[in-house]
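> Take this structure first; my questions come after.
Each value in this text was obtained by applying a stated rule to the coordinates, not by laboratory testing. Computed from a prediction, not measured in an experiment: that's the story for all the values here. Positions of Cβ are backbone-derived with ideal geometry, glycine not excepted, and every protein chain shown enters the neighbour counts.
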Amino acid sequence: MLSMSATRLLVAPALVAAAMLVAAPSAASADGVDPSTVRATQLDEPFHYATGDHLTGAREVPTTRRYGYGRPVFLVGDSMAGQLADGLRRSTAGQHRALLPRTKSGGIFRLPAGDSPSGRWSARVRSQIRAKARDGRRPIVVLAGRGLGTSTQIRSTVWRLRADGATVHLVTASPLPADVATLPSCVVASSSPTTRCRFRLTDADAGRSATLTAARQASPRISVLDLTPIAARGSGPTYSPVHTGTDGPVQVYRGVSNHLTATWSREVLAGRLATLTR
């Protein structure tokens, strides 16, 4: 009979096939991680992908859904912002906050908004933020993404959101591991994933430097959460792809670019995100 943790395992079909090519690991690995119960794979996507709140393709009109009640917290940006949704949903639940995820794959949120698909989407999201501010709701905006622009462009966007009446926080894009696509299958297949599946980071910046510079140079300064030392723990040069979450071991990456698992966001990152939305 499967244990409760085993029944929660979400394994993409391709990863199952990959795991079957190697000898079955022992029930408990040398690292104390049971690969059969590590709860993260390519299927571990943010919750708002399924609800339609995360826009893809040519869609430009954001939804109006909210999750929870109280002071509005807008999550704005591309899929790098979208990966924070589960963590923010957990962190805001106990803060009398309402989460409004407004993310778009490949979306470039910059203000002033231009006449482009991303520009029209940005203008519509800004209109929602302004409406909450006019109602006296003191909106919080958590802004993240690879496409926020230069540090000057980021400061321009934040200045306008602040002028609209919003409190703005920045979150950097997550760091990019080398061979990230192989990490989930390695963890599932290995008897010692925290030692045998360690990864190195590439030199890809993903807008991190611009985000950190904008936060430092803005007046007043912008609070920023840097994901690099959180996702890649330790002094390096290699890092473990498995962290300890609130309910046990959890994979950091989904194996899709440098996107984080929803479980990691919810069980590891939520506490850090809570400091932005108090």
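> Based on alpha-carbon centroids, what's the gap between segment 220-242 and segment 77-102 in Å, whole number please?
19
> With θ taken as phi - 60° and the coefficients 6.51, -1.76 and 1.60, list the Karplus ³J(HN,Hα) couplings across segment 239-247 in order, rounded to whole Hz; mark glycine and proline as x.
Working through the residues one at a time gives 9, 7, x, 10, 10, 8, x, 5, 10 Hz.
> In whole percent, what relative contact order does segment 120-227 give with Cα contacts below 8 Å and a gap of six or more residues?
About 32 percent, as a whole number.
> Quote to one decimal, in nm, the extra length available between THR202 and THR152 on full extension: 0.36 nm per residue of separation minus the C-alpha distance between them. Write down the numbers at each step before the final one.
On the way: separation 50, 0.36 × 50 = 18.00 nm, distance 2.52 nm.
Difference between extended and current length: 15.5 nm.
> Per residue of segment 88-104, in order, report the coupling 6.51 cos²θ - 1.76 cosθ + 1.60 (Karplus, θ = phi - 60°) as ³J(HN,Hα) in whole Hz, putting x for Gly and Pro.
5, 4, 5, 5, 7, 4, x, 10, 6, 10, 10, 8, 10, x, 10, 10, 8
> Pop out the ³J(HN,Hα) list for segment 155-164 in order, Karplus 6.51 cos²θ - 1.76 cosθ + 1.60 with θ = phi - 60°, rounded to Hz; leave Gly and Pro as x.
Per-residue couplings from phi come out as 5, 4, 4, 5, 4, 5, 5, 5, 5, 6 Hz.
> To continue, here is another question. Would you please give the residues with an amide H less than 5 Å from that of LEU201, counting only those at least 5 places away or on a separate chain, with H modeled from the backbone geometry?
Close amide H contacts, sequence-distant or interchain: ALA178.
> Let me ask something else about it. For the chain, modelled as a GNM with alpha-carbon contacts under 10 angstrom, which of GLY165, GLY87, GLY136 fluctuates the most?
Result for the chain, Cα springs under 10 Å: GLY136 fluctuates most.
> Under a point-charge model restricted to the Cβ atoms of Lys and Arg (+1) and Asp and Glu (-1), what is the dipole moment magnitude of the chain relative to its Cα centre, in debye to the nearest 20?
Working: 35 positive and 17 negative charges, 281 e Å.
Rounded to the nearest 20 debye, it is 1360 debye.
> Sticking with this one: HIS96 to ASP247: extension gain in nm, 0.36 nm per residue of separation minus the Cα-Cα distance?
Net length gain for the segment: 52.0 nm.
> Determine the calculated [θ] at 222 nm for the chain from helices alone, applying -39500 (n - 2.57) to every DSSP H run no shorter than 4 residues and normalising by the residue count; nearest 500 deg cm²/dmol.
Taking each H run of at least 4 residues, the total per residue is -8500 deg cm²/dmol.
> Which listed residue (PRO220, GLY87, LEU100) has the Cα farthest towards the positive end of the charge dipole for the chain, taking +1 on Lys and Arg C-beta and -1 on Asp and Glu C-beta about the Cα centre?
PRO220
> Determine how many Å³ per residue the convex hull of the Cα atoms of the chain encloses.
129
> Extension gain ARG137-THR228, at 0.36 nm per residue separation less the Cα-Cα distance, in nm?
29.6 nm
> In segment 91-214, with Lys and Arg counted as +1 and Asp and Glu as -1 at Cβ, which of these residues, SER190, GLN153, TRP121, has the Cα nearest the positive end of the dipole, that is, farthest along it?
It is TRP121.
> Among SER191, SER79, SER116, whose mean-square fluctuation peaks in a Gaussian network model of the chain (Cα, cutoff 10 Å)?
Looking only at SER191, SER79, SER116, the largest GNM fluctuation is found for SER116.
> Quick one: Cα centre-to-centre distance for segment 244-261 and segment 120-156, in angstrom?
Result: 28 Å between the Cα centres.
> Connecting C-alpha atoms closer than 10 Å in a GNM of the chain, tell me which of ARG134, ARG126, ARG200 has the biggest fluctuation.
ARG134
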